[in-house]
Amino acid sequence: MSQQKRVVVIGGGITGLTAAYRLQQASSQQIDVQLMEAGDRLGGKIQTVRKDGFTIERGPDSFLARKESAGRLAQDVGLEDQLTPNGTGQSYILVNGKLHAMPSGSYMGIPTRIRPFLFSGLFSPLGKARAAMDLVKPARKVDGDQSLGLFFRRRLGNQVVENLIEPLLSGIYAGSIDKLSLQATFPHFYELEQKYGSLIKGLRQTTSIPKRKKGEKKPSMFLTLEGGLETLVDAVENQLEEGTVLKQTKVDHIERKGDIYHVMLSNGTVAEADAVILAAPHFAVQRMLTQYEFLEPFKETNATSVANVAMAFDASAVKKDIDGTGFVVSRNSDFRITACTWTHKKWPHSTPDGKVLLRCYVGKPTDQDVVNYSDDEIVELALKDLNRTMNITEKPEFSIVTRWHDAMPQYQVGHKEKLENVEDKMRETLPGVFLAGGSYRGIGLPDCIDQGEAAVEKVLRYMNLT
Ligand SMILES: Cc1cc2nc3c(=O)[nH]c(=O)nc-3n(C[C@H](O)[C@H](O)[C@H](O)COP(=O)(O)OP(=O)(O)OC[C@H]3O[C@@H](n4cnc5c(N)ncnc54)[C@H](O)[C@@H]3O)c2cc1C
């Protein structure tokens, strides 16, 4: 039997966990896998708190159901029964201090049905007329990348961008729409424009958003796990062979020695590897490999910081409730919070009967200081903003503030090309070393899982094990 190969996976977030698990599944003893995590727990940004009967997510709360890899991973580790779709209801956008219902039939803010859009109070008649120009304005061929803002403003006008698309996208990327890359986030929209000459027409042709009868519920789009997303982390960890996971093991740097890599740990020890999966954020990767100039562009890739506060109340504390699942805030509004999820309605399993769980988010790209405010200050400003549309008369029974520093990688214009250049150089200079995770090809949990799985494929090919 040929000698066992050694693979080190660096970073124990969902990407690294998936990679370690799939490698062990695929390699049947031919590969020795070590998963190295700097912190004392696995899961990275996935973190669940259970308190007084509440299930509270500090990071992600769910994943898109139509991207199948996350549901598949949950099934493979025995959590099929725990998968839960979101409770649906009206969602809102806060513009000029007022909540407006999200026009039904909009897809990422792009209208696919005319009536709800025409009757929406979100836009002026001029704004609506400008958006309708998408139907006649010819497609523009652009060589290379462009910003999401430029693209959507050209197709649908400023109002639809400011009052609808921007708040929705900011909720996902926590970045400036005028800097984020179209190619790295929604290349599909560019393809629709090129093929159909119009985003509205393209989406109407290709996306089936079922028309609902009055009073009929919206279909669920997201899934979570009833015990919290951390149950996925724990279940994957439990599948790993004993001795695979090394917590509190921070990688300091990596050196290539011929065909072997020396993974140098902060505690002074060295692990040898035939291949390495780098499932840590881009800035951590750059620090592990400072001797390679081609990774310098990662220094310029920003990641914004965000914070969120989960607040638990008795239902009686909310005097003016709103029927729905939450709202996002437009940037031209003077609110400090960027969004609020009515978690008890979106995820009823998370909250005991008779209680309310609200989760507010802060940290606009232009308001990064707020992330460092004290817990009390964040609670206070969240309640102040909430009380402009709701009527909450009491302090929360408890609140949990979570700060995520440099956590939201910004895929700025040119991101994809920059990444491809880095990976080309990596193939030449560091064969057998592969990048995966939220900094690179998609930040959603299913995207991260896809990247962990793709990295495994690359390792197996590199080792001629496929
Ligand atoms: C507040 C918030 C809400 C979100 N909501 C959603 C959501 O609802 N749905 C969704 O799909 N996505 C959501 N996301 C995005 C998603 O959570 C992340 O993109 C994803 O979890 C990233 O996983 P990862 O494994 O690539 O990275 P991470 O989770 O960041 O894991 C990387 C790991 O690498 C470790 N590491 C770093 N440096 C080293 C080193 N030198 N040595 C060893 N280990 C190291 C870190 O400690 C960390 O554990 C959200 C993100 C945030 C911050």
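None of the figures in this text is laboratory data; all of them are computed from the coordinates on show. None of the values given here were measured: they were computed from a predicted structure. Cβ: placed from backbone, ideal geometry, glycine included. Neighbour counts: every protein chain shown.
A few points about this structure:
- S266-E226 pseudo-label distance in nm [points 7 Å out on the Cα-to-Cβ vector]: 3.9 nm
- Prolate is the label for region 219-272. Its Cα gyration tensor axes, ordered a ≥ b ≥ c, give a/c of at least 1.5 and a/b above b/c.
- Model label sites at N96 and N391, defined 7 Å from Cα along the beta-carbon direction, differ in position by 2.4 nm.
- Contact order relative to length of region 105-206, as percent, for alpha carbon pairs under 8 angstrom and 6 or more apart: 36 percent
- The angle separating the long axis of helix 187-196 from the principal Cα axis of greatest extent in the chain is about 60 degrees.
- Working note: 222 nm ellipticity from helices only, DSSP H runs with n ≥ 4, each -39,500 (n - 2.57), summed and divided by the residues of the chain, gives -8500 deg cm²/dmol to the nearest 500.
- Residue by residue, region 267-274 carries 3J(HN,Hα) couplings of 7, x, 8, 10, 10, 9, 9, 8 Hz when phi is fed to the Karplus relation 6.51 cos²θ - 1.76 cosθ + 1.60 (θ = phi - 60°); x denotes Gly or Pro.
- Global geometry of region 123-279, whether rounded, prolate or oblate, following the gyration tensor of its Cα atoms and the 1.5 cut on a/c: prolate
- For K45, the residues 5 or more places off, or on other chains, whose built amide H falls under 5 Å of its own are I14.
- Here region 270-328 and region 382-440 have alpha carbon centers that stand 4 Å from each other.
- In degrees, nearest ten, helix 375-386 long axis to first principal axis of the chain (Cα): 30 degrees
- In a simple Cβ point-charge model (Lys, Arg +1; Asp, Glu -1; nothing else charged), region 105-206 has a dipole of about 440 debye relative to its Cα centre.
- R0 of 56 Å, Cβ-Cβ distance T207-D369: FRET efficiency to nearest 0.05: 0.90
- Only lysines eight or more places from K384 in sequence, or on another chain, were considered; those with a Cα closer than 27 Å are K51, K98, K319, K320, K345, K346, K355, K364, K395.
- Across region 325-392, the convex hull enclosing all Cα atoms gives 98 Å³ per residue.
- Extension gain, R113 back to E417 (0.36 nm per residue minus Cα-Cα distance, nm): 106.0 nm
- Positive dipole terminus of region 105-206, leading residue within G121, Y190, L180 (C-beta point charges): G121
- Region 1-62: translational diffusion in µm²/s, Stokes-Einstein, Kirkwood Rh over Cα pairs, 4 °C, 1.567 mPa s: 97 µm²/s
- Cross-link partners of K195 among lysines (Cα-Cα below 18 Å; sequence separation of 8 or more within a chain): K137, K141
- Cβ-Cβ FRET estimate between T466 and T88, R0 fixed at 45 Å, reported to 0.05: 0.60
- Semi-axes of the equivalent ellipsoid for the chain, computed as √(5λ) from the eigenvalues of its C-alpha gyration tensor and ordered from largest down, come to 39, 28, 20 Å.
- If R0 equals 25 Å, the separation of the Cβ atoms of A26 and I172 corresponds to a calculated FRET efficiency of about 0.20.
- Each of K418, K425 was scored by other Cβ atoms within 10 Å of its Cβ. Arranged with the fewest first, they read K425, K418.
- Three-way shape call for region 105-206 based on the alpha-carbon gyration tensor, with the a/c threshold at 1.5: oblate
- Added length on full extension, which subtracts the Cα-Cα distance from 0.36 nm per residue, D406 to H349: 17.5 nm
- The gain in end-to-end length when the H188 to D321 segment is fully stretched comes to 44.1 nm, 0.36 nm per residue minus the alpha carbon separation.
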